[in-house]
Amino acid sequence: MADHEDPEFVMSQVKLAATDKAAGDLRQAISLLEQTLADSQRVLGTDHVATAAVRSDLAAAYRAAGELQRAVPLLEQAVADAERTLGDEHQVTLLFRNNLAAGYQDTGEVRLAIRLYEQTLAAQERVLGAENSHTLTTLNNLARAYGAAGEVRRALPLLGARGR
């Protein structure tokens, strides 16, 4: 079996890309993640949750590089894949939704981001609990989105709601 056909090799490439991204080499990280996504789709299948995770990682690299128009469709696909394979309220699905809302906010779709943050936060509070770190991240993201939309009165209670 060739290296690119081995699922473990494919997933190791994700770790290598994360290292490149952390080192500030976004071009290399993006290139590696693009190849890894193609490999993951071929080896694991387009519906595999790991393939959705690679899509999400590639979208994050695109966001970091300011390539928002490339990031958002990947985030949308990752959310759709996670919803289909894991369910609407799975922890991974909720994480991907938070990332998608951030992508919307980055592209100026603040109202759309707010709606998605609100839905995600409600689900995270039910599924993960109000004090879970992912829930708190979404809460803070929602507060910032409210602020970006000029709705400071809605943002302030969220920031003080849990002593954060």
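Values in this text are rule-based calculations from the coordinates and carry no lab data. Source: prediction; values computed, not measured.
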- Message: Angle check, please: helix 49-64 long axis (alpha carbons) against the longest principal axis of the chain (alpha carbons), in degrees 0 to 90, nearest 10.
- Response: 70
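With the contact rule set at Cα under 8 Å and sequence spacing of 6 or more, what percent relative contact order holds for the stretch 1-74?
26
Using only helices, what value at 222 nm comes out for the chain when you add -39,500 (n - 2.57) per DSSP H run of length 4 or more and divide by the total residues, to the nearest 500 deg cm²/dmol?
Working: 8 runs with 129 residues, N = 164.
Counting only the DSSP helices, I get -26000 deg cm²/dmol.
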- Query: Given springs between every Cα pair under 10 Å in a Gaussian network model of the chain, which of Asn132, Asn99, Asn140 has the largest fluctuation?
  - Reply: Asn132
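For the chain, what's the relative contact order in percent, using C-alpha pairs closer than 8 Å and at least 6 residues apart? All intermediate terms of the calculation are to be shown ahead of the outcome.
Numbers: 197 pairs, mean separation 20.6, N = 164.
Computed over the chain, the figure is 13 percent.
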- Query: How far is helix 26-43 tilted off the main Cα axis of the chain, in degrees rounded to 10, range 0 to 90?
  - Reply: 70
- Name the shape class, rounded, prolate or oblate, that the alpha-carbon gyration tensor gives for the stretch 98-158, where a ≥ b ≥ c are the square roots of its eigenvalues, rounded holds for a/c under 1.5, and otherwise prolate holds if a/b is larger than b/c and oblate otherwise. oblate
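Using the Cα gyration tensor of the stretch 29-69, with a ≥ b ≥ c the square roots of its eigenvalues, what is the shape: rounded (a/c below 1.5), prolate (a/b larger than b/c) or oblate (neither)?
Numbers: a/c = 3.03, a/b = 1.93, b/c = 1.57.
Cα axes put the stretch 29-69 in the prolate bin.
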